[in-house]
Every structure is written in C-alpha cells, then in structure tokens.
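These notes are about the structure you will find just below.
The values are calculated or read from the model by the stated rules, or taken from the named source; none is laboratory data. On a predicted model such as this, the values are computed, not experimentally measured, just so you know. As a convention, Cβ positions derive from the backbone with ideal geometry for all residues, glycine included, and neighbour counts pool all protein chains shown.
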Amino acid sequence: MNIFYSFKTALIGLKTNKVRSFLTILGIIIGIAAVVAMMSLGAGAENLIVGQIMSMGSNNIFIEPGSFDPKKTSMMEAMMKEMEIKTLKISDAKAIKNLPEIEEAAPLVVGMDKVVYKDINKKITFLGTTPAAHVVEGTNIILGRDFTDAEVKSQARVAVLGYKITQDLFGDENPIGKTIRIKKTNFKVIGVLEERGSQTFMNLDEYIYVPITTAQKLLLGIDHIRWIIAKAKNENVVDEAVADIRLLLRDRHNIYNPQGDLTKDDFRVMSQVEATNTLSSVMEIFTLFLASIAAIALVVGGIGIMNIMLVSVTERTKEIGLRKAVGARRKDILYQFLLEALVLTFLGGVIGVILGVIGSFFGGMVFGKMLNTNWGFFISFKAIGLGLGVSTVVGLAFGIYPARKAAQLSPIEALRYE
Amino acid sequence: MIEAKDVKKIYPGIVPTVALDGVSFVIKEGEFVALTGPSGSGKSTLMHIMGFLDRPTSGVYKFNGKSIDELSDDELARIRNKKMGFVFQSFNLLPRRSVLDNVKLPLIYSGISPEMEDKLAKEALDKVGLSHRISHYPNQLSGGEQQRVAIARAIVNRPSVIFADEPTGNLDSKSGQQIMDILQNLNNQGHTIILVTHEKYTAEMAKRIIQLKDGRIIDDQIVVHRRLAKDGLIK
C-alpha cells in the first residue's frame, strides 16, 4: 500500500464530511493559534523589555530600600513596607560614588503631579536627581544645559524636560528660560533631553527632571530617597561593586550582619544583569503559563478528534470488513485511520499557526499602540515548531485508539454490520 | 484444495446457536460448487469459514493444506488477497470511489506497481464487460452492473477460488443470468467457484451441489442436468 493511496483515502474520508471535519479541527485550530500567539507575544514583550533595560547600560546597579524578606506575603505589602523605609539618604549615594569600582552614583526621588504652563495643564512624572543621573542613564541634553551640583546644593528651582513633554507644553516655542509650575512652585526650564522613546510601561520622554533637594523639600516634603542608580567602572567589577555597596550601606545604616544575610538588610542591591535575568525568567514563566492554558484547548481539541474518529470507524465498519476481506492487513487499516487523524490535526495545526501569527501581529500592533512603544513583531519559531509538533502528537495520541479499534475488527463482524 | 473435517460453528449466548454441526467435504481445484439450503442452514457461515473470514469452533478446515490456526493475521490477509475473491449479495462497493478504483482495491494491498494495478483492473473489467464504465461511480450503475464490478474486483488478483454469497439475491432475473454466465465463464477458465444460494434454479448452474440443513450436509452430489446461464439469456 503506497503512501499516495493512503493520503488519497484519508482526504476522501475527510472531504466526505467537510463540515464535520472542519468543526472537529476547530478545537485544534484555536488551541494552536492561542499557543502560537501567546508565545509570540510573550517573546516580543520579553525582547522589548530586556532590550530597553540593557540599552541603559549593563554596568548599572540599582539600590532601593527593602530587603529580600521571604516572609513578605504579598507584593502590595512588600511595596508598602518599602515606602516606610526612610533610611536611604542622599549621603549614601555620595558614599557609594566614592567606592573604587563606581564611576557614578545618582540618588533619585519620584513623584507624580500636574505641570502648568500658561493655560496648558498636564499630568507628569517628576524625578528628583543630581546631574549624575544623566551620566548613569547615558542621556544627552539637546537644548540648554543640565542643572549643576551647585544648583542641587542650593535647592534651585530649575527643570530639565523630557522631549515629548517639551513639545506638549511649548510646541514650536523655545522653552529655555520659560517658567512652569509644579505644585504651586515655579521652575525655570533650563534644558531639554533627547528623545529616548517610551519604555514598556512608562514614557521617559514625559519625565521632568529637577534637582533632588528641590524635589525633596518643595515637592515631596521628605528627606530620604527612593533609589540610587550607580554605574560600575566596567562590567568586570560589577559583582565586586555590588558586594562593596552592601558592606558600605550596612556600615552606614548600623546593621550588624557579618553573615551577609540579605533578609536583615534594609536595602536591596541588584545589578542590571541580575535584574534583566530576573525579569526575563519572570516573563518566560508568565509566557509558559499562558501557553499552558492555551494548551488545554489543544487537549480538548484532541478529544474532539478522537470522538469523531470513533464515529468514523463505526460508520465505516462495513468498509473495514470489505478491505480486510480483500486482503488488508491490520496495519493497513491502522495506518489508514491513523493517517486520517494525522491529516486532520496537522491541517488544524497549519491553520492554527497561520491564525496565531496573524493574531500576534495584530496583538503586537494593539499593544504597541496602547503602550505607545515600537513593539517589534516577533514570530516565535519555537512556538510554530511546537504548534505543529504538538498537533501531530495530538493526532497520534488521540487517533491511535480509534485506529486500533478499526484494525482489530474481525472481518466477518465488520461485514455483517449494518 | 479445500478440505473440511467435522467442522462445527457454535455462536455463544444464553442459548448457544449451532450454525454448523459437523460438516466434512473435499473440494478440488476447478470445481463449481453450490452450497444450498434454507435460511439458517449454515451455508453462509460455512462460506465465511472457507474464506478464512471466520474460525470454526471445532473440527479442521484446510485451504491449500493450511488451517486458520496455523496462519498469522498477516498471512491470512495475504491468502485472502492473492488466492481468494469475494462477491457479496449487497455488492459492498466503496461509494466514493470510481469503478476502476473499486476494482483496484485488492491490488492496493498486494504491493504491485501502479501501472500494473491499472492494467490488471482494466483486464478484469473487460472480462465482466464494463470497460466503458471505468470512471463511473457505483451509484451511477444498475444493480447488475454493480455486481459485475464486484466480480471484477474479486478476480482482479487472479485468485484460485471465488466465493460468491448470494450474488444474484439482489438482482432481477436477467441481471442474475448475466452474473451466473460470468461465473460459469470464470469456472471454464479455471477458477474454482463456491456459490452460496438458496435458489434451486441457480444452484443447478453449478457442477456440484452441497445441500445443508440445520448445520449438517444432507446431500452432496454432481449436477446431472446442468443449466447454462447463456441459454437463459438467449430465451
């Protein structure tokens, strides 16, 4: 029995019940499409986020209040706790900067409020920093100048604006020297940052930078800081720098912790690479989680295939008997029905992959619009391979039982069947 | 070639049904045997056992010296494929396949080249006089034509024995005569033919009649005044 004949038989079998065949593979189509779309979108998101973080420089180290406390029950609780830790100070950033492995360290505070210029009124995020922040983040001033250390010291009311917020407020007007108001405080615009593009969940071009002291005193009324971004001199000393920062801060915060137990600290230190890896693995787990939910649809689809193949075997009992009477062996019948199930599921797999790719294309477009970012259309070939592979396996797994049932029919029972 | 010795077939059940109650006979190559008897006499069961489609409950049945128990499933399939041809009362054609494809069916399982398949199938159709119908579908043919396709399918692999189970049962008398004529011709060409029929008239076209009743052979003799289907056709 040649393979061409087997295919012809399988196709005739499926064509005989076109609607039924289509409805049967609908489950497979949906399952595969969902898996492919989820994995493609997940891979796209991961690519985007990791790419953006890495673009900020792989030497960066983040220091924030909090600890690796395993007893924390929820993310919210953890965040609330961190908000209450007020031990991180500007002086810590200065001390970190003096470590031999560190090139630069910038303290940061953050807040959200409205900015007003003439009759324009926009909700923005303001960051209180030192000039070091732009060194760490590697951003350039395209118009005017950055604020100076002296201005930080004197709590000067000056502001450097992100690219987009500048356009929103001033349009074609030259913003330098103009006065904007945040929280009833007047700020003089002294500089504009280059366009940086938005990061996944935040548009950096809408940020306003002010001296950290000004932000603490006039805008937030606090004297601790939210985090420190430090930059190691080169990639090779990042790990040393992380260790040194921990020792330094324990010393400065009077934490007795000779064993280096991270849960005793009131701060967390994480390098860019670590942060990226953590995020990457979180994204991967999330993607897998979504994909496995989608995979349930596949199993349901597989059961549908098995069901319809069993119906098909029953309907064609007489045909099976006849084929056996004219010399078909068990395996000829087995292959015939198995191939039919495989053709069905593989067809479903192909349609599902196509739909999944189309879906992830439009999904990426929608997310890109929503997050105002350039979402790279990303096809997960792993997902396509997986989709086609899984649909074939589903075909085999759920097709084998009906096919065996057909193969084991006794010819005379089958011929007598009405 | 065919040898049955005390063959019994009992269908299990609350009240077991005895379909064959010990039959013995020998059929030689080139014979044309009619198995007759009233319905329930066991003639179809006997034919199924003879065609290796079913197993006897006890006794020995041998085809070419081999019994069903000595043969594997694959060997049985091979014998059915190469040595036997089946013609059924209800034709049993595949509805969605052309006449040519239907005739080819046994060849699909005998591993010959597609060109050879075509050649043999066309020869077989020629023998039953349906060369002009090869690309038709079964539902476009009359009952008699369908049965002739079934015969072409049965002879396409040049089997030594053809089993015909009430081949004229679903046909009008003229088509029935045609079918019987073809079977007689095939017998003349050397095929052994086992015909199951309950009609005395049809049975008398065979060379030998084995008569069954309640699972036993009550008569087994040579037909003295053999009918020729050809004559019936002329009338």
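The conditions of being free of Cβ contacts under 8 Å to residues at least 12 places away in the same chain, away from chain A (no Cβ under 14 Å) and farther than 23 Å from B:A152 by Cα are met by B:E70. Hey, could you check the stretch B:73-100 for residues that are more than 9 Å from every other protein chain (Cβ to nearest Cβ) and among the charged types (D, E, K, R) and say which is farthest from B:Q147 (Cα to Cα)? Here the residue is B:E75.
The rows are residues; the columns are (1) of a type in the set (K, R); (2) over 16 Å from the mean Cα position of the chain (by Cα).
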site: B:H136; (1), (2): no, yes
site: B:R148; (1), (2): yes, no
site: B:F163; (1), (2): no, no
site: B:S173; (1), (2): no, yes
site: B:Q184; (1), (2): no, no
site: B:N188; (1), (2): no, no
site: B:A206; (1), (2): no, no
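Contact map, the stretch A:223-247: residues that are within 22 Å of A:P131 (Cα to Cα) paired with residues that are among the β-branched types (V, I, T) and in a loop (DSSP other than H, G, I, E, B), Cβ distance under 7 Å, separation 6+ or inter-chain. Pairs shown: A:H224/A:T87. Being touching a Lys or Arg at 6+ places or on another chain (Cβ under 7 Å), crowded, with 19+ Cβ neighbours inside 10 Å, within 9 Å of chain A (Cβ to nearest Cβ) and within 13 Å of B:A152 (Cα to Cα) holds for only one residue in B:L105, B:L130, and it is B:L105. For the stretch B:43-62, the criterion of being in contact with a helix residue (DSSP H, G or I) (Cβ under 8 Å, 6 or more places away or on another chain), within 12 Å of chain A (Cβ to nearest Cβ), under 29 Å from B:Y137 (Cβ atoms) and among the hydroxyl-bearing types (S, T, Y) is met by none of the residues. Restricting A:G128, A:G111 to residues that are surrounded by fewer than 22 Cβ atoms within 10 Å (Cβ to Cβ), small (G, A, S) and in contact with a strand residue (DSSP E or B) (Cβ under 9 Å, 6 or more places away or on another chain) narrows the list to A:G111.
Within the stretch A:247-280, the set of residues being small (G, A, S) and more than 20 Å from A:T87 (Cβ to Cβ) comprises A:S271, A:A275, A:S280. Residues that are farther than 14 Å from A:E319 by Cβ, within 10 Å of chain B (Cβ to nearest Cβ) and surrounded by fewer than 17 Cβ atoms within 10 Å (Cβ to Cβ) within the stretch A:393-418 comprise A:Q408, A:S410, listed in sequence order. Put simply, of A:A45, A:A37, A:A33 the only residue that is closer than 18 Å to A:G356 by Cα, crowded, with 16+ Cβ neighbours inside 10 Å, at pLDDT below 85 and more than 14 Å from chain B (Cβ to nearest Cβ) is A:A45. Restricted to the stretch A:260-272, and to residues there that are within 22 Å of A:P107 (Cβ to Cβ) and assigned to a helix (DSSP H, G or I), the residue that is farthest from the chain's Cα centre (by Cα) is A:L262. For the stretch A:295-316, the criterion of a residue being under 30 Å from B:L76 (Cα atoms), among the polar types (S, T, N, Q) and more than 14 Å from chain B (Cβ to nearest Cβ) is satisfied by at least one position.
When A:G327, A:G321, A:G389 are screened for being without any contact (Cβ under 8 Å) to a residue 40 or more places away in the chain, within 12 Å of another protein chain (Cβ to nearest Cβ) and either assigned to a helix (DSSP H, G or I) or touching a Leu at 6+ places or on another chain (Cβ under 9 Å) (or both), only A:G327 passes. Within the stretch B:25-51, being in contact with a Lys or Arg (Cβ under 6 Å, 6 or more places away or on another chain) and closer than 11 Å to B:G215 by Cα holds for B:G37, B:S41, B:T45.
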